[in-house]
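Asks: Can you keep this structure in mind? I'll have questions shortly.
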Amino acid sequence: MDSVSPFACLLVGQPTLRRRMKLGALAALDQRIGLRYAMPAMTAEETHSYIRHHLGLAGRGDTLFSDDATTLIHQTSRGYPRAVNNLALQALVAAFAANKAIVDESSARTAVTEVTTE
């Protein structure tokens, strides 16, 4: 069995997966991983593009987030896509609740408070 590789597997997970793989119980599996890749956080410009892209997929071509709002979302999320998604969604809800046509910095601050509290 050592001359062939009958099993190929793709492991995808959060940064905690990498740490868990180093544990003694999983050390043998960790030694057999042939390729590793960690996705880096997005830059500020990538975060702005990411939000614009998702709005475009939803059919929104015009500006919906102010530059100040996307900058605050990027700073708070540190460029991690899931955190960007959560903050952007909450900012949209905050802007809607305040009857605003554009997500501005105050809506983004409300979202930051909502997401980071607790």
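The values are calculated or read from the model by the stated rules, or taken from the named source; none is laboratory data. It should be emphasised that the depicted structure is a prediction, and the values quoted were computed from it without experimental measurement. Backbone-built Cβ (ideal geometry, glycine too); neighbour counts: all protein chains shown. Accessible surface areas use protein heavy atoms only, side chains included; no ligands, DNA or RNA. Shrake-Rupley method; radii C 1.70, N 1.55, O 1.52, S 1.80 Å.
Asks: Output the qualifying pairs, or none if there are none: Cβ atoms under 6 angstrom, residues six or more apart or on different chains, first residue in the stretch 25-45 and without any contact (Cβ under 8 Å) to a residue 60 or more places away in the chain, second residue open to solvent by 100 Å² or more (accessible area, probe 1.4 Å).
Replies: Hits for this filter: Ala41/Arg78; Ala41/Tyr80.
Asks: Right, next: Which residue out of Ala44, Ala111, Ala97 is open to solvent by 80 Å² or more (accessible area, probe 1.4 Å) and out of contact with any Lys or Arg (no Cβ under 9 Å at 6 or more places or on another chain)?
Replies: On the way: Ala44 fails: open to solvent by 80 Å² or more (accessible area, probe 1.4 Å); Ala111 fails: open to solvent by 80 Å² or more (accessible area, probe 1.4 Å).
Within the list Ala44, Ala111, Ala97, the selection yields Ala97.
Asks: Pairs, please: C-beta under 7 Å, at least 6 apart or cross-chain, first residue farther than 10 Å from Ile33 by Cβ and in the stretch 9-20, second open to solvent by less than 90 Å² (accessible area, probe 1.4 Å)?
Replies: Close Cβ pairs (under 7 Å, with a partner that is open to solvent by less than 90 Å² (accessible area, probe 1.4 Å)) amount to Leu17/Leu11; Arg20/Leu26.
Asks: Going through Gly13, Gly34 one at a time, which residue ends up being exposed (fewer than 10 other Cβ atoms within 10 Å of the Cβ) and farther than 25 Å from Tyr80 by Cα? Even if it seems obvious, please write down each step before you answer.
Replies: Numbers: Gly13 fails: farther than 25 Å from Tyr80 by Cα.
Step by step, each of Gly13, Gly34 is checked, and only Gly34 is exposed (fewer than 10 other Cβ atoms within 10 Å of the Cβ) and farther than 25 Å from Tyr80 by Cα.
Asks: Every residue in the stretch 6-58 that is small (Gly, Ala, Ser), assigned to a loop (DSSP other than H, G, I, E, B) and closer than 30 Å to Ile102 by Cβ, please.
Replies: Start the filter on the stretch 6-58 by keeping residues that are small (Gly, Ala, Ser), which leaves 8, 13, 24-25, 27-28, 34, 38, 41, 44, 49, 56, 58.
Going one step further and asking which of them are assigned to a loop (DSSP other than H, G, I, E, B), we end up with 8, 13, 34, 38, 41, 58.
Across the stretch 6-58, the qualifying residues are Ala41, Ala58.
Asks: Which residues, counting only those in the stretch 30-84, are closer than 15 Å to Arg109 by Cα and among the hydroxyl-bearing types (Ser, Thr, Tyr)?
Replies: Correct list: Ser66, Thr70, Thr71, Thr76, Ser77.
Asks: Those residues that are surrounded by 10 or more Cβ atoms within 10 Å (Cβ to Cβ) and more than 26 Å from Tyr80 (Cβ to Cβ), I need them from the stretch 16-28; list them, please.
Replies: Within the stretch 16-28, just Ala27 meets the criteria.
Asks: Also, quick follow-up: Can you tell me which residues in the stretch 62-90 are within 15 Å of the chain's Cα centre (by Cα) and open to solvent by 90 Å² or more (accessible area, probe 1.4 Å)?
Replies: Gln75, Arg78, Tyr80, Arg82, Leu89
Asks: Could you give me the residue pairs with C-beta distances under 9 Å whose first residue belongs to the stretch 94-115 and is within 15 Å of Ser66 (Cβ to Cβ), whose second residue is surrounded by fewer than 12 Cβ atoms within 10 Å (Cβ to Cβ) and among the small types (Gly, Ala, Ser) wherever it lies, and which are 6+ apart or on separate chains?
Replies: Correct list of pairs: Ala95/Ala101; Ser107/Ala97; Thr110/Ala97.
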